[in-house]
Amino acid sequence: MPAEQSVQDKVRAYLQGKLPAARNLTLSDFVQTAGGWSHEIYVFYANWQEDSRNVTRGLCLRKDPGVGLLREISSLKEQYRVLQALEPTPAPTAKVYWYEEDPALLGGPFFVMEKVEGEVPNPWSRAGKQAYAEAARRGTLSRSFVEALASLHNLDWRAAGLDFLGAPGPGKDFALREVAKWESLIQQSLRKPEPVLMEVLMWLKANAPEAKRLAFVHGAYRTGNLIIKNDAIAAIIDWELQVIGDPLYDVAYVLSDLNREGSPLLSCVVEREFFLDYYQQLTGLTVDLDVCRYYEILYMMRSTAFWLSASGLFAEGKNKDLRLARTAYSVPVVLDMAAKALGF
């Protein structure tokens, strides 16, 4: 009986079908990365000969393992379509090549995109915080951080073909839709009563703000989801939570203490006043800090939903990633932050 093909062999065979003119196709530096909580991610170089030339192309493959933390909230096909739509725009993103729905090839849907060269320092680590702090002192990365976010919010999302994401209705619809989305994940994941969480949900429903403007929103814009090269944002990554909605949803995510863990810098890389001033200058928007406070509390609820889902998948034996087991300890920490934010 022939030995089962490795993932690398299967990927090489798939690429050979997509690159019929490629001769002597090989893959090198094939690695499954530790980053990413919802998808399996492989990075590698494809090498081949074509028209008497040696060709090397860096590639990245994202695969749906079927037990992602966001369950049905996140769609790999949607991510692919979003990146396709963003390619001709000013937003710094990776170029996508192929999407494959058939799970028979690798055990789940996947897509292949370019491997953007650069680094993604871990903002939760001491070394990562130090790298971002040093970059902030130089100044260039702080500006690039704001400019990349503004490039998303200034985008004509209808002209870019992103209307397939669906637009919320007027008024409070966007905020209420986000609350309902994450409440559904909580309902799938909750294993015991969480009174503070229920109180937060009730507050969010009763205090939803009206969206003054709709924009293309990343949903998780922070360091750790940005590839950096030469003190600039080379690519925005982690396209799992994008939505058409209130741009202040992204602004609040940057402002959130959840994304800096003790650093005096927003997202460990930019001064608060500079971020607000430069963002408003680039977008023409006025940042309403009361609305941002609402979204910051929504993010606390969302983080709780995320950690409940993560720890639940591990406890149920559906996902063996040991990082998920640790997330159970994050739930009371975030709920304590939410309780204090509401004045409990």
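A few comments on the model shown:
- Relative contact order %, segment 126-341, counting alpha carbon pairs below 8 Å whose residues are six or more apart: 25 percent
- Phi angles of segment 239-255 translate, via the Karplus equation with coefficients 6.51, -1.76, 1.60 and θ = phi - 60°, into HN-Hα couplings of 8, 10, 10, 4, 7, 8, x, 6, x, 5, 4, 5, 4, 5, 5, 5, 6 Hz per residue; Gly and Pro are given as x.
- Comparing mean-square fluctuations of 95, 205, 63 from a GNM of the chain with C-alpha springs under 10 Å, the top value falls on 205.
- Comparing 254, 200, 333 in a Gaussian network model of the chain where C-alpha atoms under 10 Å apart are linked, the largest mean-square fluctuation is found at 333.
- For segment 172-185, the Karplus equation 6.51 cos²θ - 1.76 cosθ + 1.60, evaluated at θ = phi - 60°, returns couplings of 8, 4, 4, 4, 5, 5, 5, 4, 5, 4, 7, 5, 5, 5 Hz by residue, with Gly and Pro reported as x.
- Beta bridges per DSSP, both residues in the chain: antiparallel share near 100 percent.
- Peptides 127-137, 18-28 ranked from most to least packed by the mean count of surrounding Cβ atoms within 10 Å: 127-137, 18-28.
- Using heavy atoms of the protein chains and a probe of 1.4 Å, the accessible area assigned to residue 12 is about 90 Å².
- Accessible area per residue in Å² at 1.4 Å probe, computed on the chain: 47 Å²
- Think of the chain as having a plus end and a minus end, set by charges on the Cβ of Lys, Arg, Asp and Glu; of 339, 26, 239, 26 sits farthest toward the positive end of this dipole.
- If you take all other residues with their beta carbon under 13 Å from the beta carbon of residue 114, and give Lys and Arg +1 and Asp and Glu -1, the sum is +2.
- Pairs beyond 19 Å (Cα-Cα), from 63/229; 129/229; 95/229: 63/229
- Proximal lysines relative to residue 205, as straight alpha-carbon distance under 19 Å, when same-chain residues fewer than 8 apart are discounted: 172, 181, 340
- Amide H contacts under 5 Å for residue 115, placed H, 5+ residues apart: 58, 59, 60
- In a reduced charge model with +1 at each Lys and Arg Cβ and -1 at each Asp and Glu Cβ, segment 83-191 shows a dipole moment near 640 debye about its Cα centre.
- GNM result for the chain, Cα springs below 10 Å: residue of 242, 84, 188 fluctuating most strongly: 188
- Reported label for calculated Rg and Dmax of the Cα atoms in Å given (1) 20.9, 70; (2) 22.7, 69; (3) 24.3, 93: (1)
- Segment 112-127 - phi-based ³J(HN,Hα) in whole Hz, Karplus 6.51/-1.76/1.60, Gly and Pro as x: 10, 9, 5, 8, 7, 6, x, 10, 10, x, 6, x, 8, 8, 5, 5
- Cα-centred dipole magnitude for the chain, charges only on beta-carbon of K, R (+1) and D, E (-1), debye, nearest 20: 440 debye
- Only Lys, Arg, Asp and Glu carry charge here, each on its Cβ (+1 for the first two, -1 for the last two); on that basis segment 20-114 has a dipole of about 140 debye about its Cα centre.
- With a cut-off of 15 Å between beta carbons, the residues surrounding residue 291 carry a summed charge of -4, where Lys and Arg count +1 and Asp and Glu -1.
- Loop-located GluC sites (Glu not before Pro) in segment 252-344 (DSSP state not H, G, I, E or B) with no more than 11 neighbouring Cβ atoms inside 10 Å: 261, 316.
- Summing +1 for each Lys or Arg and -1 for each Asp or Glu among the other residues whose beta-carbon sits under 13 angstrom from that of residue 329 gives +1.
- Percent accessible area from carbon and sulfur atoms, the chain, protein chains only, probe 1.4 Å: 50 percent
The values are calculated or read from the model by the stated rules, or taken from the named source; none is laboratory data. From a predicted model like this one, the values you see are computed outputs, not experimental measurements. Heads up, the Cβs are rebuilt from the backbone with ideal geometry, glycines too, and the neighbour counts pull from every protein chain shown. With ligands, DNA and RNA removed, areas are computed over all heavy atoms of the protein, side chains included. Shrake-Rupley method; radii C 1.70, N 1.55, O 1.52, S 1.80 Å.
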